[in-house]
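Written out below as structure tokens is the structure these notes cover.
The values are calculated or read from the model by the stated rules, or taken from the named source; none is laboratory data. Everything quoted here is computed from the prediction, not taken from an experiment. Backbone-built Cβ (ideal geometry, glycine too); neighbour counts: all protein chains shown. Side chains included, ligands, DNA and RNA excluded: accessible areas come from the protein's heavy atoms. Shrake-Rupley method; radii C 1.70, N 1.55, O 1.52, S 1.80 Å.
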Amino acid sequence: MSQDIRVPDIGDFDSVEIIEVLVAAGDQVDAETALLVLESDKATMEVPSPYGGTLSEVLVAVGDKVGQGDLIARIERAADDKPAASDAQSPTQPSPEPAMQQSAESDCDVVVLGAGPGGYSAAFRAADLGLRVILVERYPVLGGVCLNVGCIPSKALLHTAHVIDQAKSLAKHGVQFGEPELDIDKLRGFKQSVVDKLTGGLQGLAKQRKVEVVHGDAAFSSPHSLSVQTQDGQREIRFAHAIVAAGSRSVVLPNLPADDDRLIDSTGALELKDVPQRMLVIGGGIIGLEMANVYAVLGSAVDVVELSDTLVPGADRDLIKPLHKHMKTILSNIWLKTKVSQVESADDGLKVSFEGDQAPQPQSYDRVLLAVGRRPNGDLINAEKAGLGVDERGFISVDRQMRTNVPHIFAIGDIVGQPMLAHKASYQGKVAAEVIAGHKTAFDAHCIPSVVYTDPEVAWVGLTEQQAKDQGIAYDKGQFPWAANGRSLGMDYQDGVTKLLFDQQSGRLLGGGAVGPNAGELVAEMGLGIEFGADAHDIGLTIHAHPTLSESVGMAAEAAAGTLTDLYIPKKNNKS
Ligand code: NAD
């Protein structure tokens, strides 16, 4: 049986150049064998054969320009040939057998529930591997909490706060600016423009990959179907595989006023409706401090109340100390070992009472931000209808392949456990997609970096020193103070520290951290060192550019190796 082969739907391109013809008349090909390579100004893509058989004619040549529907070749199909399940994008990947076998009765090979960094990465990777993907998102835009009301808008506002702070600090260098004049609408507009660029980009990426996006609230209706409440009514999606990437939400404390819009969470804080005169931040963790930093620099009098005896309890205290020191200069009060016992609504403010070691008298605030952690959304998706196990806190357990107790359902990101970080979610999303496509993949990352984007930044990766002590792990420490780093001094910052922890037996890097401007960028090298099993000599003998902040990583390694010359370290530590 002779069959025409035409250019499939290749997205928004109508005249794309052929840069390679990979077959000739007479060649035998399988379904999915690549026939041509096309190149647009945006991408290079292969065109696979939709059928298996013998090519009777190849009708195009290198340099020809083609668009969707153009005739490329003719094929005599093999008697037992079945058409290929996927088209242009990913013929080079292994055939995704497990999904394909079940997809006949399904609307898709994979449905992804939630379009945050975990969900969209999973969906895009699955599509790149040739799977038919539906991505379901309850909000009208893609990107989830991180892009819309989390990591990205907060970083845009923190940048503004940082520049204001820096401009002020120039006075002592002899450069005087006036008081900043705030146009809050314009600032909000800038923040939104950053968000819109990224979320709009995601929409385009989904379209290019032919990922169908369905907007609406989704919940399982059976082990193989999701029910989505869309604007146009209920839609049932039958799937062969599912990836649950439904994220988390802010924890709400009991006994708080229910309907007072002066009590906000991080989403409310990032709306930046105004700059309140007095603001209380409950929770001195990552969200609390980032938002406290923004509002304090914009002009609010901000208090922070924190239950434990330190800010950011998960980080090493030596790294938090410089942050605490700077925060004290921009915040009105930091109360540790203290909690809020009551919040009452009154006409002139929220009346807050405190309990604990440093509890002040009751105070009145124009705004109270609740930032005491996030809880997973496992309780919101009718998991029981799919037979999916969800624990009492809302987490879903998964194995190293991100597989839940239901073998064809996977889960990733905040909903599977701590740390609740976008970069962990996207990594796991790719693992889940690859496993579904039949790859032998597992989550085997040795470390996940954490960054607090305050002024100064605090960042760490791998084992913390506190964890090493708690777990009785013997380590050698290399540390370098930024007071001896020329680049940092040029930035008028002396309080920074970079430290690395090495396993005493194997010598391998176990963890590291830094505090100071751009500390978040420095942990990337440490993470790579941990993954590669680097020791102090590997890092110390890597030439770091001078003068940079990253030099402090090399010098911390030299300090551990005993080869550091930029500081004098007494003999007992000098090993070579
Ligand atoms: P968190 O766990 O980082 O901090 C919550 C803080 O609230 C803790 O310090 C805790 O001791 C304190 N707390 C708890 N109950 C309290 C109470 N009753 N009174 C006073 N303090 C109390 O949580 P978060 O800051 O809400 O962030 C939530 C999640 O989002 C975290 O997992 C975080 O990793 C993630 N996140 C990451 C980033 C980033 O990577 N930069 C930014 C924002 C959020």
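Miscellaneous remarks
- Whole-Hz couplings from phi, Karplus 6.51/-1.76/1.60, listed for the stretch 278-295; x for Gly and Pro: 10, 9, 10, 10, 8, x, x, x, 5, 5, x, 6, 4, 6, 4, 4, 4, 5
- Listed by chain and number, the lysines whose C-alpha is less than 16 Å from the C-alpha of residue 65, apart from same-chain residues fewer than 8 away, are 42.
- The listed peptides 136-149, 351-364, 211-224, 323-336, ordered by packing as a protection proxy, come out as 136-149, 211-224, 323-336, 351-364 (highest mean of other Cβ atoms within 10 Å first).
- Cross-link check: pairs 186/273; 210/385; 325/469; 155/328 evaluated at a Cα-Cα cut-off of 19 Å; pairs beyond the cut-off: 210/385; 325/469; 155/328.
- Long-range HN-HN contacts of residue 455 with modeled amide H, under 5 Å: none
- Taking packing as the residue-averaged number of other Cβ atoms within 10 angstrom, the listed peptides 417-430, 277-290 run from highest to lowest as 277-290, 417-430.
- Surface accessible to a 1.4 Å probe, per residue, for the residues of the stretch 459-576, Å²: 49
- Rg and Dmax, both from the Cα atoms of the chain and both in Å, are 27.7, 88.
- Size check on the stretch 304-448: the Cα extents along the three principal axes, sorted descending, read 60, 38, 22 Å.
- DSSP bridge orientation in the chain - percent antiparallel, rounded to nearest 5: 70
- Here the chain has 50 percent of its accessible surface on carbon and sulfur atoms, given a 1.4 Å probe and all protein chains in place.
- Restricting the calculation to Cα atoms, the stretch 250-377 shows an Rg/Rh of 0.93 when the hydrodynamic-style radius is the Kirkwood one.
- Sequence-distant residues sharing a close amide H with residue 410 (under 5 Å, placed H): 242, 243, 244, 404
- Considering only alpha-carbon pairs that sit under 8 angstrom and 6 or more positions apart, the relative contact order computed for the stretch 247-378 is 37 percent.
- Span per principal axis, largest first, for the Cα atoms of the stretch 371-458 (Å): 45, 31, 15
- For the stretch 531-548, Karplus couplings with θ = phi - 60° (6.51, -1.76, 1.60), whole Hz, Gly/Pro x: 4, 8, x, 5, 10, 4, 5, 4, 6, x, 8, 7, 6, 9, 4, 10, x, 9
- By the rule of a C-alpha distance below 17 Å, with chain neighbours fewer than 8 residues away ignored, the aspartates and glutamates paired with residue 168 are 179, 181, 455, 492.
- In this structure residue 124 has an accessible area near 10 Å², from a 1.4 Å probe over the protein heavy atoms.
- For the stretch 249-296, the Cβ-based charge dipole about the Cα centre amounts to some 120 debye (Lys, Arg positive; Asp, Glu negative; other atoms uncharged).
- Under Karplus coefficients 6.51, -1.76 and 1.60, residue-wise ³J(HN,Hα) of the stretch 432-437 in Hz, glycine/proline x: 4, 4, 5, 4, 4, 7
- Relative contact order (percent, whole number), the chain, Cα cutoff 8 Å, 6+ residue spacing: 11
- Other-chain or far-sequence residues with amide H under 5 Å of residue 510's (modelled H): 501, 502, 503
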